[in-house]
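The values are calculated or read from the model by the stated rules, or taken from the named source; none is laboratory data. Just so we're clear, the structure is a prediction, and the values are computed from it rather than from any experiment. Cβ placement follows ideal geometry from the backbone for every residue including glycine, while neighbour counts extend to all protein chains displayed. Side chains included, ligands, DNA and RNA excluded: accessible areas come from the protein's heavy atoms. Shrake-Rupley method; radii C 1.70, N 1.55, O 1.52, S 1.80 Å.
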There are 2 protein chains.
Amino acid sequence: MSDTPATPRRRGAARTEELLRVTLDLAAEAGYAGLSIEAVGRRAGVGKHTIYRRWPSKAALLLDALSHVWTRDLDYRDTGDVRRDLREQFLRSGFALSSPPIGPIYRAVIAEAQADSVLRATLHERFLATVEQSTLDRITRAQHTGELTADANLEFAAEVLCGTLYYRSLLSTRPIDEAAIDGLLDMFMAAYGTTDQGLSGH
Amino acid sequence: MSDTPATPRRRGAARTEELLRVTLDLAAEAGYAGLSIEAVGRRAGVGKHTIYRRWPSKAALLLDALSHVWTRDLDYRDTGDVRRDLREQFLRSGFALSSPPIGPIYRAVIAEAQADSVLRATLHERFLATVEQSTLDRITRAQHTGELTADANLEFAAEVLCGTLYYRSLLSTRPIDEAAIDGLLDMFMAAYGTTDQGLSGH
DNA sequence: TATCGATCGGCACGGTGCGTGCCGATGCTG
DNA sequence: CAGCATCGGCACGCACCGTGCCGATCGATA
């Protein structure tokens, strides 16, 4: 006990790291409701100034906390089977979006973003567009290998794929289950797949 | 002038109607930021109690204000050409979702809903699912007339169509323009249309 | 017409959170 | 050891939510 004094009073980068961790913990335990600057400060034993010295606003802190856990697992695998790779990734993303800590933080950022168009642009650029881009990369590769038709406009397709997932997890109340993902992929493959046996259940 | 005294102090249904109108006015003028109960009360010259006697929460008022202007123009036309009817309706909805007063109110409701799962369910039921349903009705008719393939799972298709629009207008920062709608309809028709000349630009 | 109760506007309150100032204490750096 | 940036703690002003209380006003009922 005496080896680790109660509050070693870390500073600099160590404090930054700890604050992000506390934010994630709060999101996991208290959910959306626990995500206030004051709550983070209280739990971390930290003055609000220490937080505002690092992030200009509550939204900035949340965005950083989000990217702290959301940047990994963003890349699609490439097994040579687009549908399989998309399905696997959508299942992973869908679960992450629906679970703490990512779910509550995403919701908090979205709530903040409704009142702030600059934040909305940042959210879109750092997360939504990034996810769309990696989706676009994967299906573009599939187009080159002939799995998808050559004349398909894949930019819109990537937006439709990602947008539907975000719609379901953040605006709708339905869960992102396998049926939803298969239904979405059915439509995508029926539209742009080159093999005709695209339906999942057939 | 003297015929209409400054404040006739209306009550009952008349006040209710007026409060909804003031809410819509505020949304049109001040946008999301102006949508607080206190602001509505101030502008209407009304005590907050008069508002809370009618709606149990801020979210309830906003939902009512939304349905006050959003229930019309929800139905698709049926010209016999699905793609044309969907396109027309998506253009209308997209514009409405992006403009005051509907845009700001929708944003406010969404922001509130992130913290309240009951409200999220209500929002989904009264608006999102309703729009999906009328879309489903229209494309189901098209399936019966042979414009769409018989084995298409149209429930997911309706969700994808509506979800993409909501994603773009409420989470993304891109406008709902004709290119986006045509791209979305390209994918939908390529997947489930029965005529092969489905691409818009061809 | 007189009465009475429901509704009204106005005001104040407690609670919460945001973002900012100020203070004296603490810990790193030179 | 000296100096200084960072720290925790506290308080403030502001805004809003939802509630309680008051006396005024309106309208239905007697």
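Assorted remarks:
- The modelled label-to-label distance between B:ARG42 and A:LEU91, using points 7 Å beyond Cα along the C-beta direction, is 5.3 nm.
- Here is how the number arises for chain A: DSSP H runs of 4 or more residues each give -39500 (n - 2.57), the sum is divided by the residue count, and the result at 222 nm is -19000 deg cm²/dmol.
- Neighbourhood net charge (14 Å Cβ-Cβ; Lys/Arg +1, Asp/Glu -1) for B:VAL160: -4
- Chain A contacts chain B over a buried accessible area of about 3700 Å², both sides summed; the probe is 1.4 Å and only protein chains count.
- Entry note, chain B: relative contact order of 20 percent, from Cα contacts under 8 Å with a spacing of 6+ residues.
- Inter-part distance where segment B:116-180 and segment A:70-139 are each reduced to a Cα centre, Å: 21 Å
- What you get for chain A, charging only the Cβ of Lys and Arg (+1) and of Asp and Glu (-1), is a dipole of about 1300 debye around the Cα centre.
- For A:37-49, mean number of other protein chain Cβ atoms within 10 Å: 0
- Rg and Dmax over the alpha-carbon atoms of segment B:1-141 stand at 17.5, 57 Å.
- For segment B:64-172, the set of trypsin sites (Lys or Arg not before Pro) satisfying both a DSSP loop assignment and a count of at most 11 other C-beta atoms within 10 Å is given as B:ARG72.
- The charge dipole of segment B:122-202, taken about its Cα centre with unit charges on the Cβ of Lys, Arg, Asp and Glu (plus for the first two, minus for the last two), comes to roughly 220 debye.
- Where segment A:96-167 is the region considered: accessible area per residue in Å², 1.4 Å probe: 35 Å²
- Where a label projected 7 Å from the Cα of A:ALA30 along Cα→Cβ would reach, residues of segment A:78-104 with amide N under 19 Å: A:100-104
- Cβ-Cβ FRET estimate between B:THR149 and A:HIS49, R0 fixed at 60 Å, reported to 0.05: 0.45
- Scattering from the protein assembly as shown was approximated by placing one identical point on each alpha carbon and applying the Debye formula without solvent; log10 I(q)/I(0) at 0.12, 0.15 1/Å stands at -1.00, -1.36.
- Taking every alpha-carbon pair in segment A:58-97 and binning the separations at 5 Å intervals from zero gives 5, 22, 22, 19, 14, 9, 6, 3, 0 percent.
- Given charges at beta-carbon only (K, R positive; D, E negative), |dipole| of the protein assembly as shown in Debye: 2520 debye
- With label points set 7 Å from Cα along Cα→Cβ, the inter-copy distances at B:ILE37 are 2.5 nm, sorted shortest first.
- Copy-to-copy label separations for A:ALA14, where each label sits 7 Å from Cα toward Cβ, in nm and ascending: 7.0
- Most to least packed among B:44-51, A:98-105 [average Cβ atoms within 10 Å]: A:98-105, B:44-51
- For A:THR50, inter-copy separations between label points set 7 Å beyond Cα along the Cβ vector come to 4.9 nm, shortest first.
- Within 10 Å of the Cβ of each residue in A:184-195, the mean number of Cβ atoms contributed by other protein chains is 5.
- With Cα atoms as the point set, segment A:67-192 shows a radius of gyration and Dmax of 14.6, 44 Å.
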